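Here's the structure, in structure tokens; my notes come after.
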Amino acid sequence: MTLSITRAVFDDPALVAFLQAHLDDLAPTAPPESRHALDLTALQAPGVRLWTGHLDGVLVGTVALAALEPGHEELKSMRTEPAVRGRGVAAAMLAHAVDDARSRGVRRISLETGSMAFFEPARSLYRRHGFLDCPPFGSYVEDPNSVFLSLDLAQ
């Protein structure tokens with residue numbers, strides 16, 4: 001598998017559809033106030049970096065980092081195309097984002113993900129890559145539908 005990871009091209013119709021599929025996947029998992037995925041417009045905001053992963057020219061993954069405060073960024077929009085899950089796409093996308101953050105001097109990456117069974121593969125992936133449970137960060141508050149994780153890059 002050769003995954004090509006590049007910065008997102010926001011006017012790509014495949015990306016627009018992929019991001020909408022992400023939002024559609026998440027919609028039934030929690031009430032609206034507990035869903036924190038970014039839409040296409042929010043992913044284009046200053047301080048957000050979005051990458052896409054392609055296999056043989058087909059979009060199969062996304063990952064983003066959003067600035068929270070100096071040295072602290074949030075992992076957002078992690079999604080792998082269902083047909084290729086379990087083939088290392090998510091791990092490669094995550095590694096790319098972590099490497100990018102390190103190269104820019106980011107000291108900590110945090111994330112929010114769901115507490116439901118649907119999100120267990122994601123939580124397992126993050127924990128395998130060193131993310132540890134943490135309290136809510138940024139504007140998040142305690143929520144039984146959320147799990148908060150953080151990776152210390154200063155170690």
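Checked against (1) farther than 22 Å from Asp133 by Cα; (2) touching a residue at least 24 places away in the same chain (Cβ under 8 Å); (3) hydrophobic (A, V, I, L, M, F, W, C), Ala17 meets all criteria but (2).
Candidates are the residues of segment 14-65 that are within 19 Å of Val147 (Cβ to Cβ) and of a type in the set (D, E, K, R); the one that is farthest from the chain's Cα centre (by Cα) is Glu33. The lone criterion from (1) over 14 Å from Arg7 (Cβ atoms); (2) touching a helix residue (DSSP H, G or I) at 6+ places or on another chain (Cβ under 6 Å) left unmet by Asp39 is number (2).
Pick from segment 107-155 the residues that are aromatic (Phe, Trp, Tyr) and more than 17 Å from Leu65 (Cβ to Cβ): which of them is nearest to the chain's Cα centre (by Cα)? It comes out as Phe119. Here Phe10 passes the criteria (1) out of contact with any Pro (no Cβ under 9 Å at 6 or more places or on another chain); (2) part of a helix (DSSP H, G or I) except the one numbered (2).
Residue-by-condition table, conditions (1) surrounded by 13 or more Cβ atoms within 10 Å (Cβ to Cβ); (2) farther than 28 Å from Val58 by Cα; (3) of a type in the set (S, T, N, Q); (4) modelled with pLDDT of 95 or more:
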{"position": "Ala91", "(1), (2), (3), (4)": "yes, no, no, yes"}
{"position": "His96", "(1), (2), (3), (4)": "yes, no, no, yes"}
{"position": "Asp100", "(1), (2), (3), (4)": "yes, no, no, yes"}
{"position": "Gly105", "(1), (2), (3), (4)": "no, yes, no, yes"}
{"position": "Arg108", "(1), (2), (3), (4)": "yes, yes, no, yes"}
{"position": "Leu111", "(1), (2), (3), (4)": "yes, no, no, yes"}
{"position": "Arg123", "(1), (2), (3), (4)": "yes, no, no, yes"}
{"position": "His129", "(1), (2), (3), (4)": "yes, no, no, yes"}
{"position": "Asp133", "(1), (2), (3), (4)": "no, yes, no, yes"}
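Quick check on my filter: what residues within segment 107-120 are touching a Ser or Thr at 6+ places or on another chain (Cβ under 9 Å) and part of a helix (DSSP H, G or I)? Phe118, Phe119 - these are the residues of segment 107-120 that are touching a Ser or Thr at 6+ places or on another chain (Cβ under 9 Å) and part of a helix (DSSP H, G or I).
Got a number for residues in segment 13-37 being under 20 Å from Val89 (Cα atoms) and in a loop (DSSP other than H, G, I, E, B)? Selection size over segment 13-37: 1. Quickly run through segment 52-106 and pick out the residues that are in a helix (DSSP H, G or I) and in contact (Cβ under 8 Å) with a residue 40 or more places away in the chain. Hits for segment 52-106 are Val89, Ala92, Met93, His96, Ala97, Val98, Asp100, Ala101, Arg102. Which residues, counting only those in segment 20-44, are closer than 21 Å to Arg104 by Cβ, surrounded by fewer than 19 Cβ atoms within 10 Å (Cβ to Cβ) and touching a residue at least 12 places away in the same chain (Cβ under 8 Å)? Hit for segment 20-44 is Gln44, nothing else.
Picking from residues in segment 133-155 that are free of Cβ contacts under 8 Å to residues at least 40 places away in the same chain and in a strand (DSSP E or B), the one that is nearest to Asp100 (Cα to Cα) is Leu149.
The values are calculated or read from the model by the stated rules, or taken from the named source; none is laboratory data. Worth saying up front: this structure is predicted, and the values here are computed from it rather than measured. Counting neighbours? That spans all protein chains shown, and the Cβs are built from the backbone with ideal geometry, glycine included.
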